[in-house]
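*Asks:* Structure below; questions to follow.
The values are calculated or read from the model by the stated rules, or taken from the named source; none is laboratory data. All values derive from a computational prediction rather than experimental measurement. Heads up, the Cβs are rebuilt from the backbone with ideal geometry, glycines too, and the neighbour counts pull from every protein chain shown.
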Amino acid sequence: MTDGVPTWEEVARDHGRFMYTVAYRLAGNDEDAQDLVQEALIRVRRGLERYEPGSLQGWLARIVTNVFLDEVRRRRRRPTAALPDDPERVLPPSPGADEVSTQLSDDIQAALAALPEEFRVPVVLCDVADQSYEQIAASLGIPVGTVRSRLHRGRRMLRTMLSEGAA
Amino acid sequence: MNREPLMPDEDVLSAYLDGECTDAERAWVDEQLATSEETRAVLAEVAEARDAVRALPLRDAPPEFWARLLAADPQPVPADAPSVPAPVDLAEARRRRSPGRWLAAAAGVAAAAVIAAVILVPQPQTVTPPVGAFTDAHAVRSSLQDDAVSSLAPLAVAAGFRR
């Protein structure tokens, strides 16, 4: 690390798991998450020279989110590829009597993946990446009030899906 | 003139949970929670969803992912490498990452797994493989080989790195 700026290797080693988690929660599957992290790390490498020491994880979460949103937009232009929030991509969790914790995580992940992207992204950035409303607003280029509204609606939708799934 | 206080939007409840509301909003929510069963119910539901997502565990990439990331052969970056790759189809790119291609690189992947373990697991000694060369080579080679993910790279660097 030089002057508080990490090397690419340090980012991958120390924050790769964080980046992958954010990518997976956004994308909803491992294959897309791997593509997102791979691309995000390339952008990290290119951007490290300009990185100003601060919230490194906030910066990384922002890059992963940008890559995700770029991919969503690209797929919308090419409808032959499934969107991450395509309901068909939300596979029913595999039942497992001795894997209650895993089952619960799968249920939450499935509900998260079923959220429309405009609600899922603020929820992931707030509750997975631990970003402030202001940081989320800056990342997405929307007002803080919109972040607040989408986050709340997203959580209410999640709660509804989880309660319906448990019923 | 007496006036009924303006009722904030319901989304103030999420902001309340996140510590993102104003003092006036917090006071209003506190007052509502003391008197309104409905407000308490909504807050509990939102808190349940929030806590559920926050409790999700960190997700690990498949073990071969990090190895594969480092498995590319470092190649010199051509001086005339295109800076803006042409857009490509992701499905096609994935087909190109078919098992046959990876089988051919199996030996390299196995070796790279060892490298990845050294790099990604904290070690008392610093190991610095030429990852920069790897990624540069990947970016350029991918652009030349129509890799869909890398084709996005130049589009958002400026937006993503400047606050």
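*Asks:* How do the pairs read when you match residues in the stretch A:48-60 that are assigned by TED's automatic domain parsing to the domain that holds A:E10 and of a type in the set (F, W, Y) with residues anywhere that are surrounded by 11 or more Cβ atoms within 10 Å (Cβ to Cβ) and in a loop (DSSP other than H, G, I, E, B), using Cβ under 7 Å and keeping only pairs 6 or more apart or on different chains?
*Replies:* A:W59/A:Y51
*Asks:* What residue, of A:E164, A:E117, is within 15 Å of B:A49 (Cβ to Cβ), among the acidic types (D, E) and surrounded by fewer than 23 Cβ atoms within 10 Å (Cβ to Cβ)? Working first, answer last.
*Replies:* Values: A:E117 fails: within 15 Å of B:A49 (Cβ to Cβ).
When all the criteria are applied, what remains is A:E164.
*Asks:* At least 3 residues that are more than 24 Å from A:D14 (Cα to Cα) and modelled with pLDDT of 50 or more in each: list the helices (runs of 4 or more DSSP H) lying fully within the stretch B:21-116 that qualify. Walk me through how you get there before you give the answer.
*Replies:* On the way: elements: B:23-35, B:37-54, B:63-69, B:90-96, B:99-104.
By residue number, B:23-35, B:37-54.
*Asks:* It is to be established whether one or more residues within the stretch A:97-112 are more than 14 Å from A:Y24 (Cβ to Cβ), at pLDDT 95 or above, surrounded by fewer than 18 Cβ atoms within 10 Å (Cβ to Cβ) and not aliphatic (A, V, I, L, M).
*Replies:* Scanning the stretch A:97-112, I find no residue that is more than 14 Å from A:Y24 (Cβ to Cβ), at pLDDT 95 or above, surrounded by fewer than 18 Cβ atoms within 10 Å (Cβ to Cβ) and not aliphatic (A, V, I, L, M), so the answer is no.
*Asks:* Filter the stretch B:22-49 for residues that are surrounded by 17 or more Cβ atoms within 10 Å (Cβ to Cβ), without any contact (Cβ under 8 Å) to a residue 12 or more places away in the chain and within 32 Å of the chain's Cα centre (by Cα); which is farthest from A:C126 (Cα to Cα)?
*Replies:* Within the stretch B:22-49, the match that is farthest from A:C126 (Cα to Cα) is B:E45.
*Asks:* Could you run through the stretch A:108-167 and say how many residues are in contact (Cβ under 8 Å) with a residue 40 or more places away in the chain, of a type in the set (D, E) and assigned to a helix (DSSP H, G or I)?
*Replies:* Total satisfying the criteria: 1.
Residue by residue, here is whether (1) at pLDDT below 90; (2) under 24 Å from A:G141 (Cβ atoms); (3) touching a Cys at 6+ places or on another chain (Cβ under 8 Å) holds:
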{"site": "A:M19", "(1), (2), (3)": "no, yes, no"}
{"site": "A:V22", "(1), (2), (3)": "no, yes, no"}
{"site": "A:A33", "(1), (2), (3)": "no, yes, no"}
{"site": "A:V37", "(1), (2), (3)": "no, yes, no"}
{"site": "A:E49", "(1), (2), (3)": "yes, yes, no"}
{"site": "A:I63", "(1), (2), (3)": "no, yes, no"}
{"site": "A:V67", "(1), (2), (3)": "no, yes, no"}
{"site": "A:P93", "(1), (2), (3)": "yes, no, no"}
